[in-house]
Each structure stands twice: as structure tokens, then as C-alpha cells.
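Student: Sending over a structure as C-alpha cells; questions will come in a sec.
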């Protein structure tokens, strides 16, 4: 009977660990750091648990209304690439024929992340 309990506990633990959210899920704000490779317009990433991401731009120095998903500049679907990285396939909101790919690599502290396009870091973000 103890063996059955031990196996059940082990299986349950495995299932709970496998169902935890990816560290990339959440709301991310730009750190505002300046770099020539960075896309300065990207102000916020909203990565939800269902595999969707909205990327919001700044508008005339003001952050876009992140409460309204229709104001997103990019609409994306994401999947986990590894334990700390998600791959996002996005379309530009104003022209859905334009498709882009990004990686969001979360740091070991799960507080900071790098946005990457074509193997170049294009922005630093911090968890909101």
C-alpha cells in the first residue's frame, strides 16, 4: 500500500510541475535602456497563458492603452522553445501580411527578459 501511495504522489508531483506556467507568461515593461539595436517603440509585452501575446508601442512618448488589446501594434502566438525562452510569431496590426518572429528569453531571476529578433537583442524588459 505504501508503494502505491509513493507512486501516486510521484505522478501527481510530476503533473503539477508539468502544468506550471512558462516564466515568459506575464506582463513585461521596457526598461527604457538605450541601445542602437533596440526597437524603442516597443513599450510593453502582454504574454498570456493561452499562447497569445500583444506588443504595445509608445505613441508620442506616451504608452499606448495596454488595457485595450485593439491598440496593440503586434498580435502574436507563442510557444515555449525551452525552459526560459518563448518563440513568438507575430503580425503587424496595421498590415497582417507582414509576419515577424521574436524570442523572449527570461533571465534566471524570472524578473528580467530580453526580446530578440534575428539573433540580436532588440530590447530589455522587466516583469510588471
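Computed from the coordinates by the stated procedures, all read-outs in this text should not be read as laboratory data. Just so it is clear, the model here is predicted, and its values are computed rather than measured. Every residue, glycine among them, receives a Cβ derived from its backbone with ideal geometry; neighbour counts consider all protein chains shown.
Student: In which sequence would 105, 79 go, from the one with the fewest C-beta neighbours within 10 Å to the one with the most? Mind dumping the intermediate values first?
Tutor: Details: 105 16, 79 10.
Final ranking by Cβ density, sparse to dense: 79, 105.
Student: Under the classification rounded if a/c is under 1.5, otherwise prolate if a/b is larger than b/c and oblate if not, where does the range 23-127 fall, given a ≥ b ≥ c as square roots of the Cα gyration tensor eigenvalues? If you can, show how the numbers build up before the last one.
Tutor: Working: a/c = 1.35, a/b = 1.14, b/c = 1.18.
Rounded is the answer for the range 23-127, as its axis ratio a/c remains below 1.5.
Student: Still on this structure: Rounded, prolate or oblate: pick one for the range 82-128, where a ≥ b ≥ c are the square roots of the eigenvalues of its C-alpha gyration tensor, a/c under 1.5 means rounded, and failing that, prolate if a/b is larger than b/c, else oblate. Numbers along the way, then the final one.
Tutor: On the way: a/c = 2.36, a/b = 2.07, b/c = 1.14.
Cα axes put the range 82-128 in the prolate bin.
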